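Let me begin by presenting the structure, written as structure tokens, before commenting on it.
The values are calculated or read from the model by the stated rules, or taken from the named source; none is laboratory data. Nothing here was measured: the structure is a model prediction, and the numbers come from that model. As a convention, Cβ positions derive from the backbone with ideal geometry for all residues, glycine included, and neighbour counts pool all protein chains shown. Heads up: the accessible areas ignore ligands, DNA and RNA and are worked out on the full protein's heavy atoms, side chains in. Shrake-Rupley method; radii C 1.70, N 1.55, O 1.52, S 1.80 Å.
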Amino acid sequence: MNRTTIRENTFKLIYSLEIQKTENKEEQIDMFLETNNISDEEAIKYIKQYIPEIEKNKTEILEIIERNLKSNWKIERISKIDLSILKLAIYEIKYTEIPYKVVINEAVELAKKYGEDTSKLFVNGVLASVVKELNLDN
């Protein structure tokens, strides 16, 4: 399974958890892996590492999103799909060694595939602002 597919599955699980608001994340992860027949070791490792880390850093990730919204936007207005994409992307930008350009490109592709017509522009705009805020575009 390639990294793009692994990232897409991780996004789907984040979205599922966002909708379900369940407390038992570990059980949900295992159920997701089983239901989607994910047996690739790299995919399992990635998902089992990222989901708890995103959850652990959720407050900071949401604050970063909120700070990088246009002034008339509130986080509650963001669709669950776009929010899930942003959570994954910001986690990868801030907490991993993945180049931010790769993360943004992958996030925009997810937004094109799963979001509304304006999602790709919205996700790209928020992430570009995050990159500036974190001073990564040097």
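Computed quantities for the displayed model
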{"item": "Contact order normalised by residue count of region 70-135, Cα under 8 Å, 6+ apart, percent", "result": "33"}
{"item": "Positive dipole terminus of region 1-129, leading residue within Gln49, Val123, Ala89 (C-beta point charges)", "result": "Val123"}
{"item": "Given charges at beta-carbon only (K, R positive; D, E negative), |dipole| of the chain in Debye", "result": "500"}
{"item": "Centre separation in Å (Cα based) which lies between region 98-120 and region 43-63", "result": "18"}
{"item": "Within-11-Å neighbourhood charge of Val131 [Cβ basis; K, R +1; D, E -1]", "result": "+1"}
{"item": "Positive dipole terminus of the chain, leading residue within Val103, Ile64, Ile14 (C-beta point charges)", "result": "Ile64"}
{"item": "Relative contact order (%) - the chain, alpha-carbon pairs under 8 angstrom, separation at least six", "result": "24"}
{"item": "Percent carbon-and-sulfur accessible area, the chain, ignoring ligands, DNA and RNA, probe 1.4 Å", "result": "48"}
{"item": "For the chain: rounded, prolate or oblate by the Cα gyration tensor [a/c cutoff 1.5]", "result": "prolate"}
{"item": "The chain: angle of helix 41-56 to the longest principal axis, Cα-based, in degrees nearest 10", "result": "50"}
{"item": "Net charge, Glu18 excluded, C-beta distance under 15 Å - Lys, Arg +1, Asp, Glu -1", "result": "+3"}
